[in-house]
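Enquirer: Below is the structure I would like to discuss, written out as structure tokens.
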Amino acid sequence: MPERSRGRGQKPTYQTDIAKERIGILLRLAKKEAAKHPERSRRYVLLARKIGMRYNVRLPPEWKRKLCKRCGTIFKTGATCVESTEKGAKVIKCLKCNRIYRFPPRGKGV
């Protein structure tokens, strides 16, 4: 099977496909372990992010708003984060590192 042409410094397609698969596995494990072993869960998130950086692969969009970028905690309302709204925007505060995330309201495109 011929490889797609790739630019300078890019990894082969089969390597990025494997990286995406491993990121998915690690994030599923992190979600599963979040309640009983939060440190292990954070480690899985850290490893998934490292793989993504090494192979230039983004985290799946459904996970982007579920993770703290600073400490790697998976957000669960009441347990690891506090959610509120300010002027229509969703505000999430991580209880582990106190970082605040503000997300604009959805569906109000320009």
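Enquirer: Could you check, for the stretch 30-44, whether at least one of its residues is modelled with pLDDT of 95 or more, in a helix (DSSP H, G or I) and either farther than 20 Å from Cys97 by Cβ or under 9 Å from the mean Cα position of the chain (by Cα) (or both)?
Expert: Yes: the stretch 30-44 contains one or more residues that are modelled with pLDDT of 95 or more, in a helix (DSSP H, G or I) and either farther than 20 Å from Cys97 by Cβ or under 9 Å from the mean Cα position of the chain (by Cα) (or both).
Enquirer: Hey, Ala48 hits all of (1) modelled with pLDDT of 95 or more; (2) surrounded by fewer than 14 Cβ atoms within 10 Å (Cβ to Cβ); (3) under 12 Å from the mean Cα position of the chain (by Cα) but one; which does it fall short on?
Expert: For Ala48, the failing item is (2).
Enquirer: Right, another one. May I ask you to verify whether Ile74 is farther than 21 Å from Leu26 by Cα, hydrophobic (A, V, I, L, M, F, W, C) and surrounded by 12 or more Cβ atoms within 10 Å (Cβ to Cβ)?
Expert: no
Enquirer: So, in the stretch 98-110, how many residues would count as being modelled with pLDDT under 95 and hydrophobic (A, V, I, L, M, F, W, C)?
Expert: Count: 2.
Enquirer: Given the conditions (1) among the aliphatic types (A, V, I, L, M); (2) over 16 Å from the mean Cα position of the chain (by Cα); (3) surrounded by 13 or more Cβ atoms within 10 Å (Cβ to Cβ); (4) in a loop (DSSP other than H, G, I, E, B), which single one is not true for Val57?
Expert: Looking at each condition in turn, Val57 falls short on (2).
Enquirer: Quick check on my filter: what residues within the stretch 61-110 are more than 19 Å from Arg43 (Cβ to Cβ) and small (Gly, Ala, Ser)?
Expert: Gly78, Ser84, Gly88, Ala89, Gly107, Gly109, listed by residue number.
The values are calculated or read from the model by the stated rules, or taken from the named source; none is laboratory data. Computed from a prediction, not measured in an experiment: that's the story for all the values here. Every residue, glycine among them, receives a Cβ derived from its backbone with ideal geometry; neighbour counts consider all protein chains shown.
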